[in-house]
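Take a look at the structure set out below.
The values are calculated or read from the model by the stated rules, or taken from the named source; none is laboratory data. Values in this document were obtained by computation on a predicted structure and should not be read as measured data. Cβ placement follows ideal geometry from the backbone for every residue including glycine, while neighbour counts extend to all protein chains displayed. Protein only, heavy atoms only, side chains kept; ligands, DNA and RNA dropped before computing areas. Shrake-Rupley method; radii C 1.70, N 1.55, O 1.52, S 1.80 Å.
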Protein chains: 2
Amino acid sequence: MEVSLSSARPLRADARRNREALLAAAREAFLSGDTDSHVEEIARSAGVAVGTLYRHFETREALIEEVYRQEVDELCAAPAALLERYSPEEALRRFLLLLVEHAAVGKGMSVALESIMATASPVFEAARTQMADALTQLLDAGVTAGVVRDGVTGPTLLRALGGICGMRATEGWQDEARQITALLFDGLRYGTAG
Amino acid sequence: MEVSLSSARPLRADARRNREALLAAAREAFLSGDTDSHVEEIARSAGVAVGTLYRHFETREALIEEVYRQEVDELCAAPAALLERYSPEEALRRFLLLLVEHAAVGKGMSVALESIMATASPVFEAARTQMADALTQLLDAGVTAGVVRDGVTGPTLLRALGGICGMRATEGWQDEARQITALLFDGLRYGTAG
DNA sequence: TCCATAAGGTGAGTCCGACTCAGGTTGTGT
DNA sequence: ACACAACCTGAGTCGGACTCACCTTATGGA
């Protein structure tokens, strides 16, 4: 599903297997709300020793980042597809909601997101940029179509959505997230013909 | 400045001094971006031993919480004052901006906020409720005056503003925060006579 | 097929930082 | 001035992320 992009020679077969197992185990742990999943547990449930975990990932954080990066990759493919299928306004609306749904895969994930937010790692920086670009794409289409106010940038909107990450531990958080999204959506349209 | 509200007898003079010194040292450390300020450092710069720190605060987190709670207390006094001086619309606008300025006291503070967000401690719960109530007060005044849409609650708006917490580590974050605030403000007015 | 070899795996041990507690110190009421 | 409870101290414990010296095995060439 993924070809090597780096100049290094490909991983040995068993190494590749282990790396994948670790990512799967980490995702599993984070998604199931096991917030305090320790490296030892993740390694064990992946069927390897901690040393192997550290062969593949610089730190515990790096592993979390990688899990998150994969999520972001999937999400960032959406805007282009949505713009082909829907009007700019509708595409924007749907993407914002998609973001909410995606954040809903498990409260453990939002912990991971926060954990990453708290670091200034280059990996996360890339993910953030990617996401911001996706939003910019949608905003630009909206501005061109005259349904979105000018002057709001992708990175800004991304941050505005950041609050959704801190939302576990409440009962009706998903509805609330949708409300916030609607609020931002309307804020974006404020002052247009919409 | 503060009288004992609990049934326990007042602290001994030296204990009170130490407690205050610890809070001051902690605030200092957090505000100056010393993100990884260790309990040992905080205790030393307050002129006490770690044991003393733990006599006054259950855990490191509890100390952070207390610093934050004080900030929140100050902030929550604002809405009532603003509503006396300005129109509901203007009061809301000013309070949202005040929130941003307040978050600006130092990037270290946002780390503290996040740290608190990541726990479901009762202390933070109280602070959050307090803040949400302040926002509700402003929103209600706005709805009554017909300048704010109905159906948005204080807790919801609070979360929407949450994204601002994750904003250190960027150059022009303060301008961005202001933009987001404006966005939400307009979202709130969407569909009214405003 | 089989070997040489380097990539990969192992897990006991190190490091470090939050937290504890037995014992000394000091403010306070009488 | 005294008794004593409240307070303070800081070396030590504990837990979890991370390391590294040594072992295992995939791989590619003979």
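In segment A:26-41, which residue that is within 14 Å of DNA strand C (Cβ to nearest atom) and at pLDDT 90 or above is nearest to the other protein chains (Cβ to nearest Cβ)?
Among those residues, the one meeting the criterion is A:38.
Could you please let me know if residue A:54 is more than 29 Å from residue A:95 (Cβ to Cβ) and assigned to a helix (DSSP H, G or I)? It would help to see each step written out before you state the result.
Numbers: more than 29 Å from residue A:95 (Cβ to Cβ): yes; assigned to a helix (DSSP H, G or I): yes.
Yes: the conditions hold for residue A:54.
Output the number of residues of segment B:26-41 satisfying the condition of being within 12 Å of DNA strand D (Cβ to nearest atom), under 26 Å from residue B:12 (Cα atoms) and open to solvent by 70 Å² or more (accessible area, probe 1.4 Å).
Of the residues in segment B:26-41, 1 are within 12 Å of DNA strand D (Cβ to nearest atom), under 26 Å from residue B:12 (Cα atoms) and open to solvent by 70 Å² or more (accessible area, probe 1.4 Å).
All but one of (1) assigned to a helix (DSSP H, G or I); (2) within 13 Å of chain B (Cβ to nearest Cβ); (3) at pLDDT 90 or above hold for residue A:110; which doesn't?
All conditions are met except number (3).
How many residues are under 27 Å from residue A:130 (Cα atoms) and among the hydroxyl-bearing types (Ser, Thr, Tyr) if we restrict to segment A:11-68?
Here the count works out to 5.
Taking segment A:154-177 on its own, how many of its residues are closer than 17 Å to residue B:180 by Cα, open to solvent by 20 Å² or more (accessible area, probe 1.4 Å) and at pLDDT 60 or above?
Residues meeting the conditions: 3.
Please work out if residue B:83 is open to solvent by less than 60 Å² (accessible area, probe 1.4 Å) and in a helix (DSSP H, G or I).
Yes.
In segment B:42-72, which residue that is open to solvent by 60 Å² or more (accessible area, probe 1.4 Å) and more than 8 Å from DNA strand C (Cβ to nearest atom) is farthest from the other protein chains (Cβ to nearest Cβ)?
Checking each candidate, the answer is B:47.
Consider residue A:51 carefully, then state whether it is touching a helix residue (DSSP H, G or I) at 6+ places or on another chain (Cβ under 6 Å) and either modelled with pLDDT under 90 or within 16 Å of DNA strand D (Cβ to nearest atom) (or both).
no
Of the conditions (1) assigned to a helix (DSSP H, G or I); (2) at the interface with another protein chain (Cβ under 10 Å from one of its Cβ atoms); (3) at pLDDT below 90, residue A:151 clears all except one; give me its number.
(1)
How many of the residues making up segment B:25-52 are in contact (Cβ under 8 Å) with a residue 12 or more places away in the chain and more than 16 Å from residue B:65 (Cβ to Cβ)?
12
Just the residues that are modelled with pLDDT of 80 or more, of a type in the set (A, V, I, L, M) and outside any helix (DSSP H, G or I), please, taken from segment B:113-148.
Hits for segment B:113-148 are B:145, B:147, B:148.
If you take the residues in segment B:9-25 that are near DNA strand C (Cβ under 10 Å from one of its atoms) and not in a loop (DSSP other than H, G, I, E, B), which one is surrounded by the fewest Cβ atoms within 10 Å (Cβ to Cβ)?
B:13
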